[in-house]
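Have a look at the structure below, then the notes.
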Amino acid sequence: MNTKKTTKKRIKKSERPPMVFKVTEPTILMDFLLQNLPGKNRNNIKTLLNDGQIFVNNIRVSAYNHPLAAGQNVEMRWQKKTQTSGFQGIKIIHEDKHLIVIEKDAGVLSIATEKKNQATAYNMLSAYVKKQGGNNKIFVVHRLDRDTSGIMMYARSQKMQEELQRNWHRMVLERTYLAVVSGIPEKPEGTITSYLKENKALIMYSTQDAADGHLAITHYKILKHSQFYSLLKVNPETGRKNQIRVHCSDMGHPIVGDKKYGSKANPINRLGLHAWVLSFIHPVSKEHLRFESLVPNKFSKLFPDKEKKEHQE
């Protein structure tokens, strides 16, 4: 008697269909996920959010307190593990065949340098994509200063790089930074406008002469403050070199740790600037992607919160 042996093909996580849940009443995302994912605790869910696996009505969401309304769909999408053992100070939070979104630590350069073996984000990602295929390359779309932490993206082709740079202001829906500054600004929120110019020492400075610099506009709002420091939410309308750092200094409230632009205080032993949120329309899929990173723990410790510190590292 011949028996035919059958084997079940193991489905990879990345091939599994997403788990979809319907919202029936107003709530917040963390509470909803705890209720619908009984095997997950709060830390597990924060990891899912931070890894970009949670979607609300097809929009990637990473904020634990995102409000939900009845009728919305919440998805948990499976992702294959990224081989990032060679990474130092960066983490891939989104990857497709067109672009890569990362979160980098303070102290990591975002672009290439003359030193080929230097551990820059660009060099690490270049080595990573070459392992996937010898001709694969990474292309710089925008930059973050070495001492600024947070979210940024790279293109995986020159064509994609050019499209993103050409349509940056149309495709990018939100760029939000967190800045820890010395003192408390007089107004709880406001806008700083100037024209930025670079001197021979490569230091940017403001001028009010439109013919002598490039227009720079920065919006800010105080989120928290202590006796000596303030935590600002900052939205640069333009993207000039060192724009946020110069404008905070212009207000008389330089970013902590920023000696270059007048700071004399450094209570967190790093530059107090973090690229918190990046939201954009995907140039190919037209999907609305939104990435929100955790508030750096060093920032949060300066501003003790009576509420539960859900959003800290």
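The values are calculated or read from the model by the stated rules, or taken from the named source; none is laboratory data. Predicted, not measured: the structure shown is a model, and the values here were computed from it. Cβ atoms come from the backbone with ideal geometry, glycine included; neighbour counts cover every protein chain shown.
So which pairs qualify, if the first residue must be in the stretch 245-260 and touching a residue at least 12 places away in the same chain (Cβ under 8 Å), the second must be basic (Lys, Arg) and in a loop (DSSP other than H, G, I, E, B), the Cβ gap must be under 9 Å, and the two must be at least 6 apart or on different chains?
Val246/Arg240; Pro254/Lys264; Val256/Arg270; Gly257/Arg270
Please enumerate the residues belonging to the stretch 235-251 that are within 20 Å of the chain's Cα centre (by Cα), surrounded by fewer than 21 Cβ atoms within 10 Å (Cβ to Cβ) and farther than 15 Å from Asn199 by Cβ.
The answer is Asn235, Pro236, Glu237, Thr238, Gly239.
Matching residues to (1) among the hydrophobic types (A, V, I, L, M, F, W, C); (2) within 25 Å of Pro296 (Cα to Cα); (3) modelled with pLDDT of 90 or more:
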site: Ile111; (1), (2), (3): yes, yes, no
site: Asn117; (1), (2), (3): no, no, no
site: Tyr122; (1), (2), (3): no, yes, yes
site: Ala127; (1), (2), (3): yes, no, yes
site: Lys131; (1), (2), (3): no, no, no
site: Gly134; (1), (2), (3): no, no, no
site: Lys137; (1), (2), (3): no, no, yes
site: Arg143; (1), (2), (3): no, yes, yes
site: Arg146; (1), (2), (3): no, yes, yes
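Return the residues of the stretch 127-154 that are closer than 21 Å to Ala179 by Cβ, part of a loop (DSSP other than H, G, I, E, B) and not hydrophobic (A, V, I, L, M, F, W, C); say none if nothing qualifies.
His142, Arg143, Asp145, Arg146, Asp147, Thr148
Hey, Met124 hits all of (1) out of contact with any helix residue (DSSP H, G or I) (no Cβ under 9 Å at 6 or more places or on another chain); (2) part of a loop (DSSP other than H, G, I, E, B) but one; which does it fall short on?
Every listed condition holds for Met124 apart from (2).
For the stretch 46-74, how many residues meet the condition of being closer than 18 Å to Glu25 by Cα, assigned to a strand (DSSP E or B) and among the aliphatic types (A, V, I, L, M)?
Taking the stretch 46-74 as the starting set, the residues that turn out to be closer than 18 Å to Glu25 by Cα are 55-57, 64-74.
Filter once more, so that each one left must be assigned to a strand (DSSP E or B): 55-56, 67-68, 73-74.
Pick out the ones that are also among the aliphatic types (A, V, I, L, M) and you get 56, 68, 74.
So the count comes out to 3.
Limited to the stretch 194-220, what total is found for residues that are surrounded by 15 or more Cβ atoms within 10 Å (Cβ to Cβ) and of a type outside the set (Phe, Trp, Tyr)?
Our first condition is that a residue be surrounded by 15 or more Cβ atoms within 10 Å (Cβ to Cβ); within the stretch 194-220, this holds for 194-197, 204-206, 213-214, 216-220.
Add one more test, that the residue is of a type outside the set (Phe, Trp, Tyr), and what stays is 194, 196-197, 204, 206, 213-214, 216-219.
Summing the residues that are surrounded by 15 or more Cβ atoms within 10 Å (Cβ to Cβ) and of a type outside the set (Phe, Trp, Tyr) in the stretch 194-220 gives 11.
Per-residue answers, yes or no, for (1) under 18 Å from Pro283 (Cα atoms); (2) in contact with a Leu (Cβ under 6 Å, 6 or more places away or on another chain); (3) among the small types (Gly, Ala, Ser):
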| position | (1), (2), (3) |
| --- | --- |
| Met124 | no, no, no |
| Val129 | no, no, no |
| Ile138 | yes, yes, no |
| Ser149 | no, no, yes |
| Met152 | yes, yes, no |
| Gln161 | yes, no, no |
| Gln165 | yes, no, no |
| Arg170 | yes, no, no |
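Would a scan of the stretch 160-176 turn up a residue that is at pLDDT below 95, within 25 Å of Lys260 (Cα to Cα) and out of contact with any strand residue (DSSP E or B) (no Cβ under 7 Å at 6 or more places or on another chain)?
no
Considering Leu231, Leu289, which residue is surrounded by fewer than 23 Cβ atoms within 10 Å (Cβ to Cβ), hydrophobic (A, V, I, L, M, F, W, C) and closer than 15 Å to Met152 by Cα?
Values: Leu231 fails: closer than 15 Å to Met152 by Cα.
Sole residue among the options that is surrounded by fewer than 23 Cβ atoms within 10 Å (Cβ to Cβ), hydrophobic (A, V, I, L, M, F, W, C) and closer than 15 Å to Met152 by Cα: Leu289.
Give the number of residues within the stretch 159-193 that are of a type outside the set (D, E, K, R) and within 17 Å of Leu231 (Cα to Cα). Explain how you work it out, then say what you get.
Let us first name the residues in the stretch 159-193 that are of a type outside the set (D, E, K, R), namely 160-161, 164-165, 167-169, 171-173, 176-185, 188, 190-193.
Next, only the ones that are within 17 Å of Leu231 (Cα to Cα) stay: 176-185, 188, 190-192.
Matching residues across the stretch 159-193 total 14.
As an exercise: evaluate Lys260 against (1) buried (at least 18 other Cβ atoms within 10 Å of the Cβ); (2) touching a strand residue (DSSP E or B) at 6+ places or on another chain (Cβ under 7 Å) and give the number of the one condition it does not meet.
(2) is the only condition that Lys260 fails.
Within the stretch 147-178, take every residue that is surrounded by 15 or more Cβ atoms within 10 Å (Cβ to Cβ) and charged (D, E, K, R) and give me the one that is nearest to Ala275 (Cα to Cα).
Arg175
Please determine whether any residue of the stretch 296-303 is among the charged types (D, E, K, R) and modelled with pLDDT under 90.
Going residue by residue through the stretch 296-303, those that are among the charged types (D, E, K, R) are 298, 301.
Now drop any that are not modelled with pLDDT under 90, which leaves none.
No, the stretch 296-303 contains no residue that is among the charged types (D, E, K, R) and modelled with pLDDT under 90.
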